[in-house]
């Protein structure tokens, strides 16, 4: 959804996700090392990404952020399918292009902070592939607990994780 939330958390800046970042995100997402982390594991065309972005703008319960470090776009992150009645949402769409600097953990922590402070949420959930060890460890460090397992459409095993805010 088009929102006006913007904030800083540690050294990162979080801004509303725009069409400009949508293309940068697509390019980052289509890199072979990143594409395998998504449920849809195919290269996304510019038209497909633009169609996704148009649909995103019409969803009232999705909050997507562009993540910047020192003025440079490094990725994005979101909370989506926000259920204000049950005070919960799904965390995800996280993709940070700069590896090894802890920005993924910072972005994950920042969304927990934002979700609680600005949206009044009490719980976040996520799915992560069992073989995505870096992401799984990051989520554990950020306070997510494994609460089950499932499989995607390609029969690839995933952990269900939850964090109480």
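The values are calculated or read from the model by the stated rules, or taken from the named source; none is laboratory data. A quick note: this is a predicted structure, and the numbers were derived from the prediction, not measured. For neighbour counting, all protein chains shown are included, and Cβ atoms are generated from backbone atoms with ideal geometry for every residue, glycine included.
Hey, among the residues in the stretch 108-136 that are part of a loop (DSSP other than H, G, I, E, B) and in contact with a helix residue (DSSP H, G or I) (Cβ under 9 Å, 6 or more places away or on another chain), which one's farthest from residue 78 (Cα to Cα)?
Top of the filtered list is 130.
What's the number of the only condition in (1) modelled with pLDDT under 95; (2) touching a helix residue (DSSP H, G or I) at 6+ places or on another chain (Cβ under 9 Å); (3) more than 18 Å from residue 40 (Cα to Cα) that residue 100 fails to meet?
That leaves (2) as the condition not met.
Tell me which residues, restricted to the stretch 1-28, are closer than 27 Å to residue 119 by Cα and in contact (Cβ under 8 Å) with a residue 60 or more places away in the chain.
1, 3, 5, 7, 9, 10, 11, 12, 14, 17, 25
Which residue, of 50, 61, 133, is surrounded by 14 or more Cβ atoms within 10 Å (Cβ to Cβ) and out of contact with any strand residue (DSSP E or B) (no Cβ under 9 Å at 6 or more places or on another chain)?
50
Of all the helices (runs of 4 or more DSSP H) wholly in the stretch 1-91, which have at least 3 residues that are farther than 25 Å from residue 135 by Cα?
Filter on the stretch 1-91 gives 46-57.
Scan 73, 91 and give me the residue that is within 24 Å of residue 8 (Cβ to Cβ), surrounded by 20 or more Cβ atoms within 10 Å (Cβ to Cβ) and either in contact with a strand residue (DSSP E or B) (Cβ under 9 Å, 6 or more places away or on another chain) or touching a residue at least 12 places away in the same chain (Cβ under 8 Å) (or both).
Within the list 73, 91, the selection yields 91.
For residues that are surrounded by fewer than 17 Cβ atoms within 10 Å (Cβ to Cβ) and more than 13 Å from residue 39 (Cα to Cα), tally how many sit in the stretch 137-161.
Final tally of qualifying residues: 10.
Filter the stretch 1-17 down to the residues that are modelled with pLDDT of 95 or more, surrounded by 14 or more Cβ atoms within 10 Å (Cβ to Cβ) and touching a strand residue (DSSP E or B) at 6+ places or on another chain (Cβ under 9 Å) and list them by number.
7, 12, 13, 14, 15, 16, 17
Of everything in the stretch 151-165, what is part of a loop (DSSP other than H, G, I, E, B) and free of Cβ contacts under 8 Å to residues at least 60 places away in the same chain? Give them in sequence order.
Within the stretch 151-165, 155, 156, 165 meet the criteria.
May I ask you to verify whether residue 67 is crowded, with 17+ Cβ neighbours inside 10 Å, in contact with a helix residue (DSSP H, G or I) (Cβ under 7 Å, 6 or more places away or on another chain) and at pLDDT 95 or above?
Spelling it out, residue 67 is indeed crowded, with 17+ Cβ neighbours inside 10 Å, in contact with a helix residue (DSSP H, G or I) (Cβ under 7 Å, 6 or more places away or on another chain) and at pLDDT 95 or above.
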